[in-house]
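The values are calculated or read from the model by the stated rules, or taken from the named source; none is laboratory data. Please read all numbers here as calculations on a predicted model, not as lab measurements. Cβ placement follows ideal geometry from the backbone for every residue including glycine, while neighbour counts extend to all protein chains displayed. Calculation scope for accessible area: heavy atoms of the full protein, side chains included, ligands and nucleic acids excluded. Shrake-Rupley method; radii C 1.70, N 1.55, O 1.52, S 1.80 Å.
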Amino acid sequence: MDIPLEPPSLAAILDSGDSSLFNVRTKGKGPDGELPLTAEMLRNSPSGDLFGWTMNAGMGWDPQAMGSPEVLLLSTHGGLRAPDGTPIALGYHTGHWEVSLLVEAAARELKVIGAVPFAGYCSDPCDGRTQGTTGMFDSLPYRNDSSMVFRRLIRSLPRRSGVVGVATCDKGLPSMMMALAASRTLPSVLIPGGVTLPAEDGEDLGIIQSIGARYSHGVITREYAAEMGCRACGSPGGGCQFLGTAATSQVVAEALGMTLPHAALAPSGDPVWRDMAVRSARAVMRQIALGMTMGRILTQASIENAMAVHAAFGGSTNLILHLSAVAYHAGLHRPTVDDWARVNRAAPRLVDALPNGPAGHATVQVFLAGGVPEVMLHLRRAGLIDTSAMTVTGTTIGDTLDWWEQSKRRFALRKRLAGADGIDPDDVVMTPNRAKSRGLTSTVCFPVGNLAPEGSVIKSTAIDASVVGEDNVYRKRGPARVFVAETGATEAVKSGSIQPGDVLVLCCRGPLGSGMEETYQLTSALKHLPFGKHVALITDARFSGVSTGACIGHVSPEALAGGAIGKLIDGDVIEIFVDRNKLEGRIDLVGQGDEIFGAEQGAAVLAGRSPRPDLAPDPNLPDDTRLWAALQDASGGPWAGAVYDVERILEVIAAGKQALAARKETGK
């Protein structure tokens, strides 16, 4: 795919041929004016505070404005844009391409208000770009590492009075949420980076990721793939147009109270999106004046609210990891599987968005229909949220919803959706009765069974309705086709060796095997191939937030931790049961070949089997990811948010040291 280029000459590398470059300056005038230092400051302030002002003046800030509140703007900005928006150097993805514009808008407003804005960056990768590559091995570990960087940057500006975080996508936004959650004593506001627009006469960014599989099966032509692949982005900035992990993270951040109301899913680059940054700057200054901090905003009530909103949106299963991580860093109880199941049984899905359907509206249309506050209005009427929870505006969720219900903004944007796209906003964000009549079901279910004794997860609302029984129960029994690498499984799908009725098993791809990679290469192919809805997928890996279908992930224990999934062989008969009413499910080994012996005997068969001989961490797994896998495992693993629980890690290390010392004493 790479186009060969003529290399630059050695002479051009060693010397540009411009002798004027050698007229090097040896001194500079330095800034005019003087720092507003007092005798008390000179006697008592840390030298770093004084030197910091010297640096500020050196960068050109007015010395007389040095004493104003310092506000740190952190972002995941990536790439280098010319003033007209054309690329000088590309970013990893559209999600962070325009983020610097939000930073600039907020910084300019802070300066007008009288604050001293600072800006720092830690860019983020693209899960779409790394699907099916070894780059995916760094995806989830990046979240923890970058959050640590953000926290270090916050602490490294000792005189900061507040923090504004700007982020958009799958790992960068949860990372930023974790960092702000940990800064409990600081005024903080999160600005979500918004969404990209769908292209006119184009495919959305979820479907487009299946062009390879569809071409391999003759569903599309090469010419069609080339044209649609070029035209999938209707605008240059923002997260994907579907309710994947990026969009769900924006939604959850707003439900937590970390953003302004109606901030999630705004169209990147639009005036309404830039205005959000201006008002967010005002919000952090209001917090500073009121003494409001993130610790007062993030509470157990806000975590429960976020879970309810996630369920109502039909959000990505990756937020099971990310919300637990946010709760951990906020010093709160981390939601358990039982908590998620309880909330999903109570809170109905109300949003019709890509990829869940049934109509599948783009995220910008969800924004115009009212987004998070519109959904929360319905949840408030149903008594499913705590309206006393605070938000970054300094007011409660209840006060915010009272404002929203009567706001000009709400009526104008909903009218815009109807006028521009001919869509009734009440068909996008529905009442519970309308949602039920349209066939929307609760979002997630957590199957157990002899293959997942510690649990698994499926976005049950996204199973194709045509393969679900009239009783709203998905049942499947089929032969296992087992793979230990995504490349082999993907090739089997593309080549046609996976048949309708098969149960595709992908093991050895959990945290210890691959850094718990996403497997959207597989799930997108199955969704968009004609026979795909008749194939189920079971894995100890994760799924992209845009994944749909009978796809069961997070199977625990993972294969490399001794999990039963690592004992399956081709021809094993697997039975799947998912009740979308009760949100109960099972995945079991029930037979082998032509013999059916049931789940109880299946458990005994698995107990007597040895793990597959081909189980091993991916040979390309980086040491950095192996370290992450070990630390998060010691901290409770994915169900506990895949975080670094320092106290638990220290406890495990101490116990390990004692065990090693005892072994040394006994000579064993």
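Among the GluC sites (Glu not before Pro) in region 200-229, those located in a DSSP loop and surrounded by at most 16 other Cβ atoms within 10 Å of their own Cβ are Glu200.
Summed over the residues of region 547-668 and divided among them, the accessible surface reaches 52 Å² per residue at a probe radius of 1.4 Å. Within the chain, the selection of entire DSSP H helices by a Cα span of 27 Å or greater along the long axis and an average Kyte-Doolittle value of at least -0.5 returns 271-290, 646-666.
Taking 0.36 nm per residue of separation and subtracting the Cα-Cα distance, full extension of the segment from Lys582 to Thr221 would add 125.7 nm. Per residue, the chain reaches -12000 deg cm²/dmol at 222 nm when only DSSP H runs of four or more residues are counted, each adding -39500 (n - 2.57).
Normalised per residue, the accessible area of region 377-528 is 39 Å², obtained with a 1.4 Å probe and no contribution from ligands, DNA or RNA. A viscosity of 1.567 mPa s and a temperature of 4 °C, combined with the Kirkwood radius over C-alpha pairs in the Stokes-Einstein formula, give region 14-70 a diffusion coefficient of 92 µm²/s. Spread over its residues, the convex hull of the C-alpha atoms of region 590-668 is 197 Å³ per residue.
Beta bridges assigned by DSSP with both partners in the chain are antiparallel in approximately 45 percent of cases. Placing a label point 7 Å from the Cα of Asp32 along the Cα-to-Cβ direction, the residues of region 49-68 with a backbone N closer than 18 Å are 57-66. Checked against a 32 Å cut-off, the cross-linked pairs Lys408/Lys527; Lys171/Lys527; Lys459/Lys567; Lys111/Lys408; Lys436/Lys494; Lys171/Lys664 give Cα-Cα distances beyond that limit for Lys408/Lys527; Lys436/Lys494; Lys171/Lys664. In the context of the full set of protein chains, residues of region 54-187 present 39 Å² of accessible surface per residue (probe radius 1.4 Å, heavy atoms only). With the simple model of a label 7 Å out from the Cα in the direction of the Cβ, Thr336 to Val24 spans 6.6 nm.
Given in Å, the Rg to one decimal and the Dmax to the nearest whole number for the Cα atoms of the chain are 26.4, 89. Taking the protein heavy atoms of the chain in the context of the full set of protein chains, the accessible area attributed to carbon and sulfur is 54 percent at 1.4 Å. Model label sites at Arg475 and Arg43, defined 7 Å from Cα along the beta-carbon direction, differ in position by 8.5 nm.
With K and R counted +1 and D and E -1, the other residues having a Cβ less than 11 Å from that of Gly641 yield a net charge of +1.
The orientation-averaged projection of the convex hull spanning the C-alpha atoms of region 315-432 amounts to 8.1 square nanometres. In a fully extended conformation the segment linking Arg434 and Ser495 would gain 17.8 nm over its present Cα-Cα distance, using 0.36 nm per residue.
The calculated pair-distance distribution of region 155-213 uses every alpha carbon pair, bins of 5 angstrom beginning at 0, and gives 4, 15, 19, 15, 13, 9, 7, 7, 7, 4, 1 percent. Within the shell of other residues whose beta carbon sits under 9 angstrom from the beta carbon of His262, the net charge comes to 0, with Lys and Arg scored +1 and Asp and Glu -1. Note on region 244-308: Kirkwood radius taken over Cα pairs, Stokes-Einstein applied at 37 °C and 0.692 mPa s, translational D equal to 256 µm² s⁻¹. Here Lys582 sits with roughly 120 square angstrom of accessible surface, probe radius 1.4 Å. In a fully extended conformation the segment linking Val278 and Ile653 would gain 130.3 nm over its present Cα-Cα distance, using 0.36 nm per residue. Counting every pair of alpha carbons in region 248-360, the share spaced more than 21 Å apart comes to 43 percent.
Tyr215 exposes around 120 Å² of accessible area when a 1.4 Å probe is run over every protein chain in place. The Cα-based radius of gyration of region 521-631, divided by its Kirkwood radius, gives an Rg/Rh of 0.99. Per-residue surface analysis assigns Phe597 an accessible area of about 50 Å², computed on protein heavy atoms at 1.4 Å probe radius. With bins 5 Å wide beginning at 0, the percent of Cα pairs of region 84-236 falling in each bin runs 1, 8, 15, 17, 17, 14, 10, 7, 5, 3, 2, 1, 0. For region 467-583, the alpha carbon convex hull comes to 99 Å³ per residue, rounded to a whole number. Sorted on the mean count of surrounding Cβ atoms within 10 Å across their residues, most packed first, peptides 257-270, 537-550, 598-611, 418-431 read 537-550, 257-270, 418-431, 598-611.
Expressed to the nearest 5 percent, the antiparallel share of DSSP beta bridges inside region 437-589 is 55 percent. Put simply, the Cα atoms of region 405-475 extend 54, 26, 20 Å along their principal axes, the longest span coming first. Solvent-free Debye calculation, one equal scatterer per alpha-carbon of region 222-261: log10 I(q)/I(0) at 0.16, 0.35 Å⁻¹ equals -0.56, -1.04.
Net charge of the neighbourhood of Ala167, taken over other residues with C-beta under 15 Å away and scored Lys/Arg +1, Asp/Glu -1, is -3. Show me the GluC sites (Glu not before Pro) within region 10-111 that DSSP assigns to loop and that have at most 11 other Cβ atoms within 10 Å of their Cβ. Sites meeting the loop and neighbour criteria: Glu34. Taking a quarter of the surface of the Cα convex hull of region 172-301 gives a mean projected area of 9.4 nm².
Would you please state which residues of region 337-377 a label at Glu405 would reach in this model, taking the label point 7 Å out along Cα→Cβ and a backbone N cut-off of under 16 Å? Zone members listed by number: 373-377.
Placing unit charges on each Cβ (+1 for Lys and Arg, -1 for Asp and Glu) gives the chain a dipole about its Cα centre, and among Phe577, Leu256, Ser75 the Cα reaching farthest toward its positive end belongs to Leu256. Based on alpha carbons, the Rg and Dmax found for region 11-136 are 20.6, 62 Å.
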